[in-house]
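The values are calculated or read from the model by the stated rules, or taken from the named source; none is laboratory data. Given the structure is predicted, the values throughout are model-derived calculations rather than measurements. Here Cβ is always computed from backbone atoms with ideal geometry, including for glycine, and neighbour counts include all displayed protein chains. Note: areas computed on protein heavy atoms with side chains; ligands, DNA, RNA excluded. Shrake-Rupley method; radii C 1.70, N 1.55, O 1.52, S 1.80 Å.
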Amino acid sequence: MRIARAIRLLDRALAPARRAGRRVVFVPTMGALHEGHASLIRLARRRAGARGVVVVSVFVNAPQFNQRSDFTKYPRTLAADSVLCRRAGADLLFAPSATDMYPPSHSTWVSEEALSLPLCGARRPGHFRGVCTVVLKLFNLVRPTEAIFGLKDFQQAALLQRMTRDLNVPVRIVCAPVVREADGLAMSSRNRRLTPRGRRLAALLNGALAFARWRFLRGERRPSRLLADARRLLRVPGLRVEYLDLVRSSTLRPSPRATRGDTLALAAWVEGVRLIDNLRL
Ligand code: AMP
C-alpha cells in the first residue's frame with residue numbers, strides 16, 4: 001500500500017490505473033479508523049476486484065466542525081490508520097494537508113438545500129456545507145468510479161447521493177451497513193473520548209432505538225408514542241438527547257405515521273461527546 005500526503009503525489013500514484021481504465025473505489029474518512037471503516041474498505045476491495053484500485057482518504061475537514069474544540073480534540077492516528085488500511089485491502093492512502101486542500105484564497109462552497117436542513121443540519125450550522133464541499137473536492141481529486149459511505153451517518157449518505165445526482169458527478173454512491181460494538185453502540189472515532197461510565201451510557205442510544213423498533217413491530221404506529229418510549233429510556237443523568245425523530249428515509253421529513261422503511265434518528269451528548277445513531281423500521 002502506498003501513502004500520498006499531497007495532491008500531486010495522489011495523481012502520480014493513480015496515473016497507471018487511470019490509463020488502464022481500471023475501477024477506482026474510494027472510501028473517504030476523517031481517520032482514527034476502527035472496524036466500521038475497515039468494513040467499508042473491505043467492501044471497496046471486493047467491489048474493485050483484483051485489478052481495481054482501492055483509495056482511502058484521511059482528512060480531518062475543519063469546515064465541517066462547528067465547534068473549534070471538537071476539531072482540535074478529534075483523534076489523529078495516521079500511523080495506526082495506515083496499518084488498518086493495508087490490512088483491510090487498500091492500495092492507496094491519501095492524507096493531504098489542510099493547506100493543500102484549502103489554500104488561503106479558497107472561497108467556493110457546495111450547499112445542498114433540502115436533505116441537509118433537518119436533524120443534524122438544524123443543530124450544526126454549516127456542517128453539511130463543509131461535508132459536501134470536501135467530498136466533491138475529494139471526488140474531483142480521486143475521480144473514483146464508486147465511493148462507499150456508511151449508514152452510520154445516514155443523513156450524510158442521503159445528501160451525498162442527492163449532491164452527486166444534482167451536480168451530475170460521475171460516481172456511483174454505495175452505502176454500507178452500520179458496524180456496532182457487542183452491546184449495540186455504533187462504532188465511532190469519538191467513542192474513544194468516553195470514560196468507561198460514558199461508554200456504558202452511550203450503549204443506551206441503540207438500546208432506546210431498538211426498543212422503539214420493537215414497539216413498532218408489535219403494532220404501535222403513532223410516532224409520538226414510539227419516540228416517547230425511546231426518550232424514557234434515555235432519561236438518565238449524564239446523557240442529554242439533542243434530537244430524536246422518526247423520518248421518512250427518502251425525504252428526511254417527519255413521519256406522520258410510522259411505516260416500514262422509516263428511520264429513527266438520534267443525536268445525544270455524553271461527557272461532552274456528541275454521538276449519533278439511527279435505526280430503520
Ligand atoms: P468518519 O471518519 O467518521 O467521517 O467516517 C468515514 C466513513 O465511515 C463514513 O462514510 C461513515 O459513515 C463511515 N462509518 C463510520 N463509522 C461507521 C460504522 N460504525 N459503521 C459503518 N460505517 C461507519
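If we scan region 131-150, do we find a residue that is of a type in the set (A, V, I, L, M, F, W, C), surrounded by fewer than 20 Cβ atoms within 10 Å (Cβ to Cβ) and outside any helix (DSSP H, G or I)?
Taking every residue of region 131-150 in turn, none turns out to be of a type in the set (A, V, I, L, M, F, W, C), surrounded by fewer than 20 Cβ atoms within 10 Å (Cβ to Cβ) and outside any helix (DSSP H, G or I).
Which residues, taken from region 214-231, are in contact with a helix residue (DSSP H, G or I) (Cβ under 8 Å, 6 or more places away or on another chain) and either not in a helix (DSSP H, G or I) or not acidic (Asp, Glu) (or both)?
Of the residues in region 214-231, the ones in contact with a helix residue (DSSP H, G or I) (Cβ under 8 Å, 6 or more places away or on another chain) are 215-216, 220, 225-227, 229-231.
Passing the criteria: Arg215, Phe216, Glu220, Arg225, Leu226, Leu227, Ala230, Arg231.
Please determine whether any residue of region 17-35 is at pLDDT 95 or above, in a helix (DSSP H, G or I) and within 16 Å of the ligand (Cβ to nearest atom).
yes
If you go through region 88-100, how many residues are in a helix (DSSP H, G or I) and without any contact (Cβ under 8 Å) to a residue 60 or more places away in the chain?
3
Looking only at region 105-130, count how many residues are away from the ligand (no atom under 13 Å from the Cβ) and assigned to a helix (DSSP H, G or I).
4
Hey, among Arg225, Arg218, Arg235, which residue is within 28 Å of His127 (Cα to Cα), more than 14 Å from the ligand (Cβ to nearest atom) and free of Cβ contacts under 8 Å to residues at least 12 places away in the same chain?
Arg235
Considering only residues that are of a type in the set (D, E, K, R) and buried (at least 16 other Cβ atoms within 10 Å of the Cβ), which ones fall in region 157-192? Can you show your working first?
Taking region 157-192 as the starting set, the residues that turn out to be of a type in the set (D, E, K, R) are 162, 165-166, 172, 180-181, 183, 190, 192.
Correct list: Arg162, Arg180, Glu181, Arg190.
Any residue that is assigned to a helix (DSSP H, G or I), in contact with a His (Cβ under 8 Å, 6 or more places away or on another chain) and near the ligand (Cβ under 10 Å from one of its atoms) - is there at least one of those in region 174-190?
Yes; the residues of region 174-190 include at least one that is assigned to a helix (DSSP H, G or I), in contact with a His (Cβ under 8 Å, 6 or more places away or on another chain) and near the ligand (Cβ under 10 Å from one of its atoms).
So which residues in region 42-87 are in a helix (DSSP H, G or I), in contact with a helix residue (DSSP H, G or I) (Cβ under 7 Å, 6 or more places away or on another chain) and open to solvent by less than 30 Å² (accessible area, probe 1.4 Å), if there are any at all?
Across region 42-87, the qualifying residues are Gln64, Cys85.
Residues Ala32, Ala17: which one is touching a residue at least 24 places away in the same chain (Cβ under 8 Å), open to solvent by less than 20 Å² (accessible area, probe 1.4 Å), out of contact with any helix residue (DSSP H, G or I) (no Cβ under 8 Å at 6 or more places or on another chain) and over 11 Å from Phe94 (Cβ atoms)?
None of the others qualify; the one that does is Ala17.
Tally time: how many residues in region 74-101 are of a type outside the set (A, V, I, L, M), farther than 20 Å from Val273 by Cα and in contact with a Lys or Arg (Cβ under 9 Å, 6 or more places away or on another chain)?
6
Search region 128-143 for residues that are of a type in the set (Lys, Arg) and pair each with any residue that is open to solvent by less than 10 Å² (accessible area, probe 1.4 Å) and part of a helix (DSSP H, G or I) when their beta-carbon atoms are under 9 Å apart and the residues are at least 6 apart or on different chains.
Matching pairs, first to second residue: Lys137/Met101; Arg143/Leu14.
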